[in-house]
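Below you'll find the structure, written out as structure tokens, and then a few comments.
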Amino acid sequence: MGKALEGVKILDFTHVQSGPTCTQLLAWFGADVIKVERPGIGDITRGQLRDVPDADSLYFTMLNHNKRSITLDTKNPKGKEVLTRLIETCDVLVENFGPGVLDRMGFPWEKIHSINPKMIVASIKGFGPGPYEDCKVYENVAQCTGGSASTTGFPDGVPLVTGAQIGDSGTGLHLALGIVTALYHRTKTGQGQKVTAAMQDGVLNLCRVKLRDQQRLAHGPLTEYSQYGEGIPFGDAVPRAANDSGGGQPGRILKCKGWEKDPNAYTYFITQAPVWESICDVIGEPGWKTDPNFATPKARLPRLNQIFERIEQWTMTKTKFEVMDILNEYDIPCGPILSMKELAEDQSLRATGTVVEVDHPKRGKYLSVGNPIKLSASPSEVTRSPLLGEHTEEILRDVLGYKDNEVAAIRGAGALDPAPKRAAAE
Ligand code: CAO
């Protein structure tokens, strides 16, 4: 059985997290991803947050599975020749350099398009066109400028960034969709195109319910926000809503048995309207089914604190897993707060390949996330990330068709090795 993207060649100029997320996804779907790295240096994350001496960090390995690595100095004249061959040969170029880097390298869109009109050039930048287009951006900057930080946290606390990497990995996911869409378009037109995803745009896209609420504010208070029931007036911008549900069904994080010692002994409880009567029975408040103060969603909105305090009295008598088991019998939506340790040990996630164990020649076995998107006819197998330049000669010979003497000439011209090694050889 072939992989969905088998035969698609990706020229991968990505680094750090956002771009590598995108190209790893394409590699998992079967694309041949050729990661171009600076000789001797490579993707900076290889050495960042290292836990095993001299081995590529988990930061790098977990973002670069199923890829091949070629080291190439693209500022070297011979390196530029090789890059030109790569552009002629590949289907997609993906990059998340700082603004203007590709132009300074001598490969603006117009030149790439003239070398290979079918090539799709996909880029992640921090911002789209506008006042900040020349700025470099990292994850938390995107969370702050895309509306996430302003709407995350407690109303009386500072803005918070989230643990989910919505700026980096989130934008990588957006770009991957742009690339396969452009590939589909190319099958009909034969033409390549530019695909861009800005991190600010990606975060805002994921924060759309807050832009919804911004507009609802003009028509009155946001009644499903806890602060409405607490009598705290709304300002002119969407406030931070703590753990309130972002949808029309009020929800909250509640303590479970053991919360005093276990920082994750909590559950998310949703008071979904269709199962309100079951909720009343489970928590021991059958009278709330007919009490006009509680019987309808509208009547409950100003009393959410009272309601959740009562539900919490019940959840505190059960573990988070008991809460899940009991509520599921009644179709009441809830979810235990699962720690990273619990997720790493979860056998059902291992069984589906969402969490995988990978073996690496320098660091041994480690856990990684696998492909969260499952294709029935194109299952993903996760293979280890490449060592720096592991496939340089293989790619020059097998993908670009260089002969042995030509590879030697390219190396001799200093396009494949770091400067100190070149100096030692000279
Ligand atoms: N050969 C020779 N030079 C190479 C090379 C190669 N194979 N690969 C990269 N380089 C050079 C580039 O030419 C560039 O040099 P110049 O600045 O002289 O033109 C340099 O390496 C890379 O520049 P950069 O701006 O991309 O890297 P940085 O470390 O200074 O900044 C980052 C990193 C992430 C802030 C920036 O790339 C960026 O803003 N990217 C877009 C937004 C993004 O993706 N951010 C998310 C990162 S994950 O948190």
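Considering only Gly2, Gln227, Thr352, and ranking their Cα positions along the charge dipole of the chain that arises from unit charges at the beta-carbon of Lys, Arg, Asp and Glu, the one farthest toward the positive end is Gly2. Between Lys261 and Thr196, residue separation times 0.36 nm minus the direct Cα-Cα distance comes to 18.7 nm.
Two decimals is fine: what's Rg over Rh for region 258-317, C-alpha atoms, Kirkwood radius as Rh?
Values: Rg = 12.4 Å, Rh = 12.3 Å.
So for region 258-317, dividing Rg by the Kirkwood Rh gives 1.01.
In sequence order, region 83-95 has phi-based couplings of 4, 4, 5, 4, 5, 4, 8, 8, 8, 9, 10, 10, 8 Hz under the Karplus curve 6.51 cos²θ - 1.76 cosθ + 1.60, θ = phi - 60°, and Gly or Pro positions carry x. Using r as the Cβ-Cβ distance of Lys341 and Thr319, and R0 as 22 Å, what FRET efficiency do you calculate, to the nearest 0.05? Rounded to the nearest 0.05, the efficiency is 0.90. Restricting the GluC sites (Glu not before Pro) of region 318-398 to loop positions (DSSP other than H, G, I, E, B) with no more than 11 neighbouring Cβ atoms within 10 Å leaves nothing.
Across region 293-401, counting alpha-carbon atoms alone, Rg and Dmax equal 23.8, 77 Å.
Across q = 0.10 Å⁻¹, the chain modelled as identical point scatterers on its alpha-carbon atoms has Debye log10 I(q)/I(0) values of -0.83, in the order of the q list. In the chain, a dipole from Cβ-located charges (positive for Lys and Arg, negative for Asp and Glu) runs towards its positive end, and of Asn140, Ile270, Ile34 it is Ile34 whose Cα lies farthest in that direction.
Evaluated on region 1-56, the Kirkwood hydrodynamic radius is 12.5 Å, with distances taken between all distinct Cα atoms.
Whole-Hz Karplus values for region 373-390 come out as 9, 9, 9, 5, 9, 8, x, 9, 10, 8, 10, 4, 6, x, 6, 4, x, 4 Hz, taken residue by residue from phi with 6.51 cos²θ - 1.76 cosθ + 1.60 and θ = phi - 60°; glycine and proline positions read x. Mean separation of Cα pairs under 8 Å and 6 or more residues apart, divided by the residue count, gives the chain a relative contact order of 20 percent. Taking the chain as a Gaussian network, Cα atoms linked when under 10 Å apart, which of Ala198, Ala149, Ala409 shows the biggest mean-square fluctuation? Between Ala198, Ala149, Ala409, it is Ala409 that shows the largest mean-square fluctuation. On full extension, the segment bounded by Lys136 and Thr354 gains 75.3 nm, given 0.36 nm per residue less the C-alpha separation. Of the two radii for region 216-268, the radius of gyration is 1.10 times the Kirkwood radius, both from the alpha carbons; that is the Rg over Rh value. The relative contact order of region 240-293 comes to 24 percent, based on Cα pairs under 8 Å that sit 6 or more residues apart. What the Kirkwood sum gives for region 155-273 is a hydrodynamic radius of 17.7 Å, with every pair of different alpha carbons counted.
Loop-only check: which trypsin sites (Lys or Arg not before Pro) in region 61-158 are DSSP coil with at most 16 other Cβ within 10 angstrom?
Lys75, Lys118, Lys136
Annotation: amide H of Ala122 within the under-5 Å range of Leu93, Val94, Glu95, Val195, sequence separation 5 or more or interchain, hydrogens built in the peptide plane. Restricting region 244-278 to trypsin sites (Lys or Arg not before Pro) that sit in a DSSP loop and have at most 14 other Cβ atoms within 10 Å of their own Cβ leaves Lys261.
Max-minus-min Cα coordinates of region 172-240 on each principal axis give 60, 20, 17 Å, with the largest extent listed first. Over the chain, DSSP H runs of length four or greater, each weighted -39,500 (n - 2.57), average out per residue to a 222 nm ellipticity of -9500 deg cm²/dmol. Region 288-333 and region 26-55 have their alpha-carbon centroids 48 Å apart. For region 98-108, putting each phi into the Karplus relation 6.51 cos²θ - 1.76 cosθ + 1.60 with θ = phi - 60° gives couplings of x, x, x, 5, 4, 4, 5, 6, x, 10, x Hz, in residue order, rounded to whole numbers and with x for Gly and Pro.
We did not get these values from a lab; they are worked out from the coordinates using the rules stated. No experiment lies behind these values; they were computed from the predicted model shown. We place every Cβ from the backbone using ideal geometry, glycine too, and count neighbours over all the protein chains shown.
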